[in-house]
Amino acid sequence: MKLVAIVFFSCLFYTGFSQALPDGTMIPMELTEDVSVFKYKQGASVPFVVSQDVKVDGKVVIPAQAKVRAVVTISKKPAPHEGGELRVDIYDVMAMDGTTVKLADCWLFTTGAQNYNGKGALLRKGTRKNCNTIKSTN
């Protein structure tokens, strides 16, 4: 009986981390390398990581450096006199308990005209983005 109680309470402790994460919780993240319209094609994964621990009641729910699932959804190379376009959609991140934490409508968009060199759409390494959580539908 004692063993059953230990297993039960252990399961309670290890489950529900992400369920305890309130909707709208801000997840800070950043790019770990430059993302260029010349290197990243539509459908490519983008190297985003969580930039600092996300905690609930003092407990880490999502650790810093957790990988974020982000994908290039628009990658248009520049035509003459244009700068091209680049859009990255950011979908979700895994919590410490192994559950997927979905992120609200979160994305980045840039054009070559918005960059310093104007030669092609580029998101620089270290670019930061804050996304909010949404309740999972599964």
Net charge contributed by nearby residues that have their C-beta within less than 11 Å of residue 61 (K/R +1, D/E -1): -1
Expected field for residue 122, accessible surface area in Å² at 1.4 Å probe radius, rounded to 10, holds 30
What ranking of 38, 48 comes out by heavy-atom accessible area, probe 1.4 Å, highest first? 38, 48
Which far-off residues, 5 or more places away or on another chain, put their amide H under 5 Å from the one on residue 106, with H placed in the peptide plane? 90
What number comes out for the charge environment of residue 131, summing +1 per Lys or Arg and -1 per Asp or Glu over other residues with Cβ under 15 Å away? +2
For a label point 7 angstrom out from the Cα of residue 45 toward its Cβ, which stretches of the stretch 69-85 have the backbone nitrogen within less than 17 Å? 69-73
Residues of the stretch 18-138: accessible area per residue at 1.4 Å, in Å²? 58
Rounded to the nearest 20 Debye, what is the dipole magnitude of the stretch 23-75 about its Cα centre when Lys and Arg each give +1 and Asp and Glu each give -1 at the C-beta? 200
When the accessible area of the stretch 61-138 is computed with all protein chains present and a 1.4 Å probe, what percentage of it is carbon and sulfur? 51
If you wrap a convex hull around the C-alpha atoms of the stretch 69-138 and split its volume per residue, what is the figure in Å³? 97
Measure of exposure for residue 32: accessible area at 1.4 Å probe, Å² rounded to 10, is 60
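The values are calculated or read from the model by the stated rules, or taken from the named source; none is laboratory data. Computed from a predicted model, the values in this text were never measured in an experiment. Backbone-built Cβ (ideal geometry, glycine too); neighbour counts: all protein chains shown. The protein model used for the area step is the full one, side chains on, heavy atoms only, and it has no ligands, DNA or RNA in it. Shrake-Rupley method; radii C 1.70, N 1.55, O 1.52, S 1.80 Å.
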